[in-house]
Amino acid sequence: MSLALWLLRGVARLPLRLLHGLGTGLGWAAYGLSPTYRQRLDANARAAGVGEADRRAAIGAAGRMSLETPRLWLRAHDAPIADPVRWEGAELIEAIVGATPRRGLVLLTPHMGSFEVCAQAYAERFGARQTLTVLYRPAKQALLRELQQWARDRPHLATAPATLAGVRQLLRALKRGEAVGMLPDQVPPEGMGVWAPFFGQSAYTMTLAAKLARQADAAMLVIWGERLPRGAGYVVRTMPLAEPLADARTLPADVEAVALADATAINRSMEALIRQAPSQYLWGYHRYKNPRPQAGGSNTP
């Protein structure tokens with residue numbers, strides 16, 4: 001076992017309250033030591049109209065997310081989530097899981113709160129009836145790739161890389177009536193998105209989620225994991241999109257216009273959600289960067 005992995009396993013055994021306390025310090029250290037990160041976090045938060053108190057709280061929240069992740073990732077595969085998880089809006093998922101015939105389900109969660117806990121909590125509660133496949137971008141570092149694979153190789157929880165093969169895997173899952181999860185505010189590779197407004201700025205926004213939902217006639221919900229104070233656990237909140245996608249019967253023939261309308265609707269829904277708890281959004285994420293070139297050709301399903 002490498003020293004880094006040994007240390008992470010030690011971190012994973014610490015109580016959540018202690019991890020969140022240490023994580024707050026880590027968040028502020030990263031903010032203080034990295035001018036680039038500090039400038040981006042401040043600019044993104046202020047452009048979105050985030051108040052000073054929420055902006056400062058978000059600095060510590062980013063560090064708490066970093067230190068709670070090993071606790072979620074490194075527990076035994078057959079062990080439940082170690083900390084309390086409460087649900088609000090679970091009936092929305094239940095209605096889809098319990099329907100006959102069952103539709104596929106696209107779950108969208110932004111870089112907000114504990115998005116790692118959402119997939120694991122879903123798999124624990126609903127996975128036996130509706131398996132979840134999450135889209136992820138494999139880490140460049142070997143250790144992180146190993147951790148990603150370990151963390152997400154759990155009962156009723158599958159992963160799909162952000163490649164053409166992974167996109168096809170997601171589409172097949174939806175057509176089987178299963179669930180897929182993705183981060184709609186993650187900047188996709190070039191050719192897999194459109195430039196759409198996000199908090200008043202033009203952001204390259206994925207089109208994949210809406211395309212998959214339309215092709216598989218799948219339902220779409222928003223889900224996020226609120227991090228409770230003092231290590232008290234999480235609340236997984238599920239809700240409809242604040243602005244639903246347009247009815248397929250009213251769509252224009254222009255494919256690009258449809259993609260832009262869908263991306264704009266999803267961005268507005270993410271904005272509405274983030275405004276509910278701006279202190280838990282990762283404002284330091286490089287949301288407005290240019291997309292990276294695709295590897296291996298088009299990823300369009």
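Values quoted throughout were computed directly from the atomic coordinates according to the rules given, and no laboratory measurement underlies them. What you are looking at is a predicted structure, and each value in this text was computed from that prediction instead of being measured. Don't worry about glycine lacking a Cβ; one is built from the backbone with ideal geometry, like all the others, and counts go over all protein chains shown.
Label separation (Q149 vs A242): 4.0 nm, computed from points 7 Å beyond Cα along the C-beta direction.
Taking every DSSP beta bridge that has both ends in the chain, the antiparallel portion is near 40%.
Neighbour counts of other Cβ atoms within 10 Å put M239, M220 in the fewest-to-most order M239, M220. For K140, the shell of other residues with beta-carbons less than 15 Å away shows a net charge of +2, using +1 for Lys and Arg and -1 for Asp and Glu. What does a probe at L7 reach in region 22-51, counting residues whose amide N is under 19 Å from the point 7 Å along Cα→Cβ? Correct set: 22-34.
Would you work out if region 158-301 is rounded, prolate or oblate? Take a ≥ b ≥ c from the square roots of the eigenvalues of the alpha-carbon gyration tensor; rounded if a/c is under 1.5, else prolate when a/b is larger than b/c, oblate otherwise. Rounded shape, in that the Cα axes give a/c under 1.5. Placing a label point 7 Å from the Cα of A53 along the Cα-to-Cβ direction, the residues of region 103-125 with a backbone N closer than 20 Å are 113.
Rounded to the nearest 0.05, what FRET efficiency is calculated for A43 and A82 with R0 set to 35 Å and r the Cβ-Cβ distance? The pair A43/A82 has a calculated efficiency of 0.45. Tally Lys and Arg at +1 and Asp and Glu at -1 over the other residues with C-beta under 15 Å from the C-beta of E88: what net charge comes out? Around E88, the charge tally is +1.
Legend: calculated FRET efficiency, L251 to A272, from the Cβ-Cβ distance at R0 = 22 Å, rounded to 0.05, equals 0.45. Once you reduce region 118-161 and region 205-254 to the center of their Cα atoms, the two points are 18 Å from each other. Near T109, within a Cβ-to-Cβ distance under 11 Å, what is the net charge of the other residues, with Lys and Arg +1 and Asp and Glu -1? Local charge sum for T109: -1.
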